[in-house]
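Nothing in this text is a laboratory measurement; each read-out follows from the coordinates by a stated rule. Bear in mind the structure is a predicted one, so any value in this text is a computation, not a measurement. We place every Cβ from the backbone using ideal geometry, glycine too, and count neighbours over all the protein chains shown.
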Amino acid sequence: MSDEKKWSYEFEKDKQITAGKLLLSEPFMFDENFKRTVVLVCEHTEDNGTVGLIINKPINLRLNDVVEGFPPFRSKIYLGGPVGTDTMQFLHRIGDKIENSLQLANDLYW
């Protein structure tokens, strides 16, 4: 195979990280927090760095299990990541009905 057809990090180095992009972990990453993960970038700034949510690691809890008195709601909860584990973040499709929502992609808000 010629060098031109081989994938390399050099190919990706000029790509911009922006809200709404998906980051895939390296196939052989050893860090258990990010091994085999898909991260949705929610925010990326020079001042604050990058905020993202792991979107492919559901946990065995429902919203009603972690929020007392919340009406029945059939939705999975995802791990989200190793940082800020004392907070709850929401991905949703109802736009500005949730105050201060940021649009990440067409019909997807955080």
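Which whole-number percent is the relative contact order of region 37-93 (Cα, under 8 Å, 6+ apart)?
Numbers: 71 pairs, mean separation 15.5, N = 57.
RCO, region 37-93: 27 percent.
Just add up the charged neighbours of GLY20: K/R +1, D/E -1, any other residue whose Cβ is under 12 Å from the Cβ of GLY20.
Values: positive: LYS21; negative: GLU43, ASP107.
Once all neighbours under 12 Å are counted, the net charge is -1.
What does the highest-first list of 42-49, 18-25 look like by mean Cβ count within 10 Å? Write out the running numbers ahead of the final one.
Values: 42-49: 10.4, 18-25: 14.2.
Packing proxy ranking, top to bottom: 18-25, 42-49.
At a threshold of 8 angstrom on Cα-Cα distance, excluding pairs fewer than six apart, so keeping six or more, what relative contact order does the chain reach in percent? Numbers along the way, then the final one.
On the way: 146 pairs, mean separation 18.6, N = 110.
So the answer I get is 17 percent.
Sort the following peptides by mean Cβ neighbour count (other Cβ atoms within 10 Å, averaged over residues), highest first: 53-59, 95-101. Numbers along the way, then the final one.
Working: 53-59: 15.6, 95-101: 9.7.
Those peptides, ordered most packed to least, come out 53-59, 95-101.
Would you check the chain for Lys pairs whose C-alpha atoms are within less than 30 Å, ignoring same-chain pairs closer than 8 in sequence, and give me the count?
Taking the chain as the scope, the lysine pair count is 21.
Can you give the helix-only mean residue ellipticity at 222 nm for the chain, where every DSSP H stretch with n ≥ 4 adds -39500 (n - 2.57) and the sum goes over all residues, rounded to the nearest 500 deg cm²/dmol?
Details: 2 runs with 8 residues, N = 110.
Here the helix-only value at 222 nm equals -1000 deg cm²/dmol.
Which one is right for this structure if Rg and Dmax of the Cα atoms in Å is calculated from it: [x] 16.9, 61; [y] 14.8, 42; [z] 14.3, 49?
Recomputing Rg and Dmax of the Cα atoms in Å here picks out [x].
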